[in-house]
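Right, one structure below, let's go through it.
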Amino acid sequence: LSLWLVDNIFPEDPEDGLVKANMEKLTFYALSAPEKLDRIGAYLSERLSRDVARHRYGYVCIAMEALDQLLMACHCQSINLFVESFLTMVRKLLEADKPNLQILGTNSFVKFANIEEDTASYHRSYDFFVSRFSEMCHSSYEDPDSRTKIRMAGIRGLQGVVRKTVNDELQANIWDPQHMDKIVPSLLFNLQQEEGIERSPSPETEKEKESPVELTERCFRELLGRAAYDNIKNAVKPVLMHLDNHSLWESKTFAVRCFTIIMYSIQSQHSHLVIQQLLGHLDANSKNSARVRAGIVEVISEAAVIEASGSIGPTVLEVFNTLLKQLRLSVDYELTGSYDSFANMGSKVIKVHEERQLQEAVIKTIGSFANTLPTYQRSEVMLFIIGKIPVPGMYPALGSANTGVEGSRMIQIMLLKSLLQVTAGFQSTNILTALPTSFLDPLLSFTLMEDAEIRLLVLDILISIIDRHDNRHKFSPVRIISDISVLKLKVDKCSRQDNLFMKKHSQRLYRHIYLACKEESSVQRHFESLHTLLGLICVELANEEVVVDLIRLALALQDLALTEEALPVYNRCAIHALSAAYLNLISQLTTVPTFCQHVHEVIESRKKLVPFLLPEDVLVESSKIPEKVEGEVLFVQAKIAEMLGGSGYNTERLATPYIPQITDEDRLSKRKSIGDTVSLQLEMESRNSPEKEQRSTAEQITFETLKQAIVDSVNVEELERERRRQVVERFQTAPFEEIAAHCGARASLLQSKLNQIFEITIRPPPSPSGSVGNGHGRSHSVPVYEMKFPDLCVY
């Protein structure tokens, strides 16, 4: 009966199509007797094979239509046996040479893929379909229209395979490399065809059908969207291999597009896995051409921007370590001219401009990564990078033995540029955590280096970190402004953390700013950055004590320009202009009328007599500098101290000239001088020496002194605190020469005390005859541990 019903659905003329009445009978019979589905399917398969062999394509279409209807209608446990016959027929069509049959088989498979089966199949295999659909995606059929249809059918077929197998654990794992290595390159091949296709579709077809590229992208996104954590690597690796094999990294456009699709399609919590794979691929291509590495770095940069989770995974520092390693390798390649440690005949030719482009791309990528990080992680990255920069006397050089000093210098510049990218837009509410000692110490050491480019980068880094209200651009260009309200500066009250930071580090900041002005190689940009840095300190971190010190520093810079005749004329004029512009700014921020009036008078006098001492004539591109600095229209420290004293400022401190402590240690090892700390400790210890107190009291011990000591015992602590304050103030305000002389005297006193101790502990053993001090020659000194003592003296 079942075979008779099957035969009745076929008309005499295939153009008449499926006999619908008989098809309804066959469907009813199949639903009533599902155990007959297997036989029905086998017979339909046999007829289809016969029709294909006889080129009776009309009957082939009718058979597939009948199969599709039976498949859609019958959902029962016996459908598994029917599916085997169905897949056999689809396989037969896909193996045919005719494009129409391949497309017909694909359409039937896609319908089947959308059916959710009630029971799983343990023995069904889709390997053939993956291979065949992938092959159709690469079709090279002669007719362009047929070729496009075949490729689109292949894409839809792969989409159907993924849908059918991705969520079924009992099916073959579609994420295995053997399948992904076929599916992903096939999709990328069609995605890539967009560049060479000139479309001229009719309005109707444009509305009804999507292009192969659009279909491919939709299929690719669906595939990636279904990828779980364990499958990300298998899905991304074929993409990397495809880009390698077809040299697509150099053009960058297609590679960026691919990974843009990937990053937007996968689940956000898996995005760091993609970036880690890209970094690993970058390492694997370390000795490839600079254009290839630059392409990979560009893709990494774009992927980092897309990532929206705010974190790049658990190995943040590892990411930056990889990028810094590539930066170092690029510098080595540029200087040595070889990808190997030793140049050989087989080495590739290295193009310097390509390596420079790569270095810029790496620096840009480091900045892109940093922008995705929260503040605390960005601080860790800043410390990590500063620890990688070679500093004489503090950190080992990172350059290889073949690059030498020039390699270290280039690495310093590249890493400082990277650090500048990381600090761009960095806004920390707590300046103590943003600029810890472990970061500030090595950073400030670079302000004393002879290389002008390095000093400028350090100034820009400090500006980026201190500028928390986006005020930096308001201080440039350097100019005299009669009313600073037009700048619209954002000024907040200093927090407790700001005050603690300035109390701890202000003197070192002032000293390095002062020393940076003394560098002969400084140019216009250096003085502009110094002015911006001073302005930001005044706006962001200044309390009353800091304002006083900043005024003293500005006046000290004026004295520097007067006394340092060895400096070039331009530098001396620029320092004068810097001092004038800064005093004009700080006078208006203090809002003391007499101070503002004095600054205004000096500036007006300079405009008439010595305009080359003002920023409008000096700190511009075409500066007007005389051959000699003649004429002195100066800001007077005594007047400023007197004017500000009436407003509650510390007059005594204002009247004291600022003299930075300059030691050889600053120039040689680039480390902070600890002389002031040691000197202060020695002063305090010598003042508190119990031996001195005992000696002074032993000279005049009378009844009156004892009585006075009892009466004044309450005030002892206050006197002690006052004495300590005087000691600290002395070391803060006294000239350096006086402190050095005092420390030298204390050091000699300490040495004499140590000599006395050594004389006591190492002396000749006592002689029984008592002849030690008879004026004869001294016997050998015997250390205490070698002396023999009587038994009664030994425990």
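Here the condition is being open to solvent by 40 Å² or more (accessible area, probe 1.4 Å) and outside any helix (DSSP H, G or I); of GLU65, GLU116, it holds for GLU116 alone. Out of the residues in region 478-504 meeting the condition of being among the hydrophobic types (A, V, I, L, M, F, W, C) and not in a helix (DSSP H, G or I), tell me which one is most open to solvent (accessible area, probe 1.4 Å). Ranking the candidates gives VAL491 first.
Looking across region 218-245, just one residue is within 18 Å of ARG151 (Cβ to Cβ) and touching an Asp or Glu at 6+ places or on another chain (Cβ under 9 Å), and that is ARG218.
I want to confirm something. Restricting to region 601-612 and keeping residues that are modelled with pLDDT of 90 or more and either closer than 21 Å to THR532 by Cα or hydroxyl-bearing (Ser, Thr, Tyr) (or both), which single residue is least open to solvent (accessible area, probe 1.4 Å)? Going through the qualifying residues, I end up with ILE603. A single member of VAL256, VAL292, VAL297 is touching a Phe, Trp or Tyr at 6+ places or on another chain (Cβ under 8 Å) and part of a helix (DSSP H, G or I), and it is VAL292.
Looking at this structure, is TYR510 closer than 20 Å to LEU432 by Cα, crowded, with 17+ Cβ neighbours inside 10 Å, among the hydroxyl-bearing types (Ser, Thr, Tyr) and in contact with a Phe, Trp or Tyr (Cβ under 9 Å, 6 or more places away or on another chain)? When the stated conditions are applied, TYR510 passes them. The combined condition, being closer than 30 Å to SER622 by Cβ and in contact (Cβ under 8 Å) with a residue 40 or more places away in the chain, is fulfilled by HIS531. Annotation: VAL678 fulfils all but one of (1) of a type outside the set (Phe, Trp, Tyr); (2) exposed (fewer than 15 other Cβ atoms within 10 Å of the Cβ); (3) over 25 Å from ARG479 (Cα atoms); (4) modelled with pLDDT of 85 or more; the unmet one is (4).
The set of residues from region 587-598 being surrounded by fewer than 23 Cβ atoms within 10 Å (Cβ to Cβ) and in contact (Cβ under 8 Å) with a residue 12 or more places away in the chain comprises GLN588, LEU589, THR590, VAL592, THR594, HIS598. Looking at region 119-232, the helices (runs of 4 or more DSSP H) lying wholly inside it that each contain 2 or more residues that are modelled with pLDDT of 90 or more and either touching a Phe, Trp or Tyr at 6+ places or on another chain (Cβ under 7 Å) or within 29 Å of MET263 (Cβ to Cβ) (or both) sit at 127-137, 144-165, 177-192, 212-225.
Okay, residues lined up against (1) at pLDDT 85 or above; (2) in contact with a helix residue (DSSP H, G or I) (Cβ under 8 Å, 6 or more places away or on another chain); (3) open to solvent by less than 30 Å² (accessible area, probe 1.4 Å); (4) under 16 Å from ARG156 (Cβ atoms):
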site	(1), (2), (3), (4)
ARG54	no, no, no, no
TYR57	no, yes, no, no
CYS61	yes, yes, no, no
ALA73	no, yes, no, no
PHE82	no, yes, yes, no
PHE86	no, yes, yes, no
LEU93	yes, yes, yes, yes
GLN102	yes, yes, yes, yes
PHE112	yes, yes, yes, yes
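Counting the residues of region 2-45 that are within 15 Å of ALA63 (Cβ to Cβ) and part of a loop (DSSP other than H, G, I, E, B) gives 6.
The values are calculated or read from the model by the stated rules, or taken from the named source; none is laboratory data. The structure presented is a predicted model; accordingly, all values stated were derived computationally and were not measured. For neighbour counting, all protein chains shown are included, and Cβ atoms are generated from backbone atoms with ideal geometry for every residue, glycine included. Side chains are part of the model used for accessible areas, which takes the heavy atoms of the whole protein and leaves out ligands, DNA and RNA. Shrake-Rupley method; radii C 1.70, N 1.55, O 1.52, S 1.80 Å.
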